[in-house]
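Peer 1: Before I ask anything, here is the structure I am working with.
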Amino acid sequence: MKKHKIVLLLALTMLMFSCKKKSPLEDLGTSTGKFNAQLAVSLSNRTPLVGEAIVVTATTGQRNDKIAKVEFIHTLSERFGVQLSLDNATINTWSTTNPTMVLRDTIAKEIVWNTVNGGNGGLNNYYITTDNNYVVPMPYTLFVQTDGKYKLTGSELLLSLPDESFEIIKSQLTFVIGVADYSKLFPGMPDTHYVIASGVKTGVSALGKTYLRENLTRNILISNGMKEIRKKGMLVATVTVRVTTEAGAQTSVSNSFESVYQ
């Protein structure tokens with residue numbers, strides 16, 4: 001009897017092994033062919049200056065060598081304040097450490113700036129035999145200042161600023177405004193708007209500064225006093241490489257960098 005039990009136990013064990021299901025991870029992708037491509041991305045310079053070109057190099061391969069395309073994508077945005085000049089005074093709301101006003105603008109969002117397609121005349125031109133990979137260097141020349149929602153300079157920039165930002169500009173002007181600039185903005189104001197010493201106007205009084213905060217408009221500033229206004233801030237880029245196989249599997253790698261512009 002004991003011998004029969006041992007034989008039966010062995011038979012059941014063999015049956016269990018023969019019926020054991022394979023782990024889904026063992027055949028991942030084999031039923032659909034959707035193997036993801038391997039991808040590594042390097043930059044020739046990770047701290048470029050605004051306007052400086054860099055080379056984005058994608059090194060990629062796929063077990064079946066069935067890559068449909070390699071796309072180079074970028075997003076460009078900025079954080080900025082403004083520098084505004086009158087004839088005799090200048091304010092600057094931007095600082096990398098302690099800005100008094102910061103606006104954000106997206107110039108380009110997930111824009112494909114170059115594509116290399118698979119096959120002859122495309123990706124095959126970048127095959128490196130010794131590496132057994134495709135190595136695709138692509139110059140990125142879009143890290144430059146350009147108009148987004150807000151213009152780079154001029155009256156259009158001032159007119160497009162939010163009301164809260166213009167209030168900050170007016171407040172900052174009260175700290176630096178002098179007699180000549182104030183008189184140009186608001187001609188014919190009474191002496192109470194000035195600090196007077198020995199019959200000479202030597203500064204703008206508290207009353208005059210309050211009047212400026214309450215009555216200065218963008219149009220008055222443009223018409224009567226503004227010499228220049230321009231953005232000052234930081235440009236931010238995210239560069240992404242995306243590899244798509246013929247079966248539709250996608251792999252992507254992103255790198256971000258930023259630089260101050262003056």
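Quick note: the coordinates plus some simple rules give every number you see, no bench work behind them. As the structure is a prediction and not an experimental result, all values here were calculated from the model. Glycine also receives a Cβ, built like all others from the backbone with ideal geometry; neighbour counts cover every protein chain displayed.
Peer 1: Quick check: the distance between the Cα centres of segment 155-213 and segment 44-93, to the nearest angstrom?
Peer 2: Their Cα centres are 39 Å away from one another.
Peer 1: What is the dipole size for segment 33-255, taken about its Cα centre, with +1 at each Lys and Arg Cβ and -1 at each Asp and Glu Cβ, in debye to the nearest 20? Walk me through the numbers on the way to the answer.
Peer 2: Numbers: 21 positive and 18 negative charges, 29 e Å.
Approximately 140 debye in magnitude.
Peer 1: Apply 1/(1 + (r/R0)^6) to the Cβ-Cβ distance of V102 and Y127, taking R0 = 45 Å, and write down the FRET efficiency to the nearest 0.05. List each step's numbers first, then the result.
Peer 2: Working: r = 47 Å, r/R0 = 1.04.
The computed FRET efficiency comes out at 0.45.
Peer 1: Taking amide hydrogens as modeled 1.01 Å from N in the peptide plane, which residues meet the under 5 Å criterion relative to I196, leaving out close sequence neighbours?
Peer 2: Counting only residues 5 or more places away or on other chains, the set is T202.
Peer 1: Using Cα atoms only, what is the angle between the long axis of helix 163-176 and the major principal axis of the chain, expressed in degrees (0 to 90) to the nearest 10?
Peer 2: With both axes taken from Cα atoms, the answer is about 50 degrees.
Peer 1: Quick one: if the Förster radius is 41 Å, what FRET efficiency do D163 and N117 give, using the C-beta to C-beta distance and rounding to 0.05? Walk me through the numbers on the way to the answer.
Peer 2: Details: r = 49 Å, r/R0 = 1.19.
It comes to 0.25.
Peer 1: List the aspartates and glutamates whose Cα lies under 17 Å from the Cα of K69, skipping any in the same chain that are fewer than 8 positions away.
Peer 2: E110, E246
Peer 1: Okay, next question. Given a Förster radius of 51 Å and the C-beta distance between L207 and T251 as r, what FRET efficiency does 1/(1 + (r/R0)^6) yield to the nearest 0.05? Don't skip to the answer; put the middle values down first.
Peer 2: Working: r = 66 Å, r/R0 = 1.29.
FRET efficiency, L207 to T251: 0.20.
Peer 1: Let me ask another. Which of K184/K231; K109/K149; K170/K227 have a Cα-Cα distance over 18 Å?
Peer 2: Numbers: K184/K231 24 Å; K109/K149 13 Å; K170/K227 15 Å.
The pairs that break the limit, which is 18 Å between Cα atoms, are K184/K231.
Peer 1: If you plug each phi of segment 56-62 into the Karplus form 6.51 cos²θ - 1.76 cosθ + 1.60 with θ = phi - 60°, what whole-Hz ³J(HN,Hα) values come out, in order, with x for Gly and Pro?
Peer 2: Calculated HN-Hα couplings, in order: 9, 10, 9, 10, 9, x, 9 Hz.
Peer 1: Relative contact order for the chain: what percent, with Cα pairs under 8 Å and sequence separation of 6 or more?
Peer 2: Numbers: 462 pairs, mean separation 75.7, N = 262.
Once normalised by length, the contact order is 29 percent.
Peer 1: Going toward the positive end of the dipole of segment 157-262, with +1 on Lys and Arg Cβ and -1 on Asp and Glu Cβ, which of T251, I177, Q262 do you reach last?
Peer 2: Among T251, I177, Q262, the one farthest towards the positive end of the dipole of segment 157-262 is I177.
Peer 1: Measuring from a point 7 Å past the Cα of K227 along Cα-to-C-beta, which residues in segment 175-189 have an amide N at less than 11 Å?
Peer 2: Answer for this model: 181.
Peer 1: A further question on this structure: Helix 2-19 versus the longest principal axis of the chain: what is the Cα-based angle in degrees, 0 to 90, to the nearest 10?
Peer 2: Helix 2-19 and the main axis of the chain meet at about 40 degrees.
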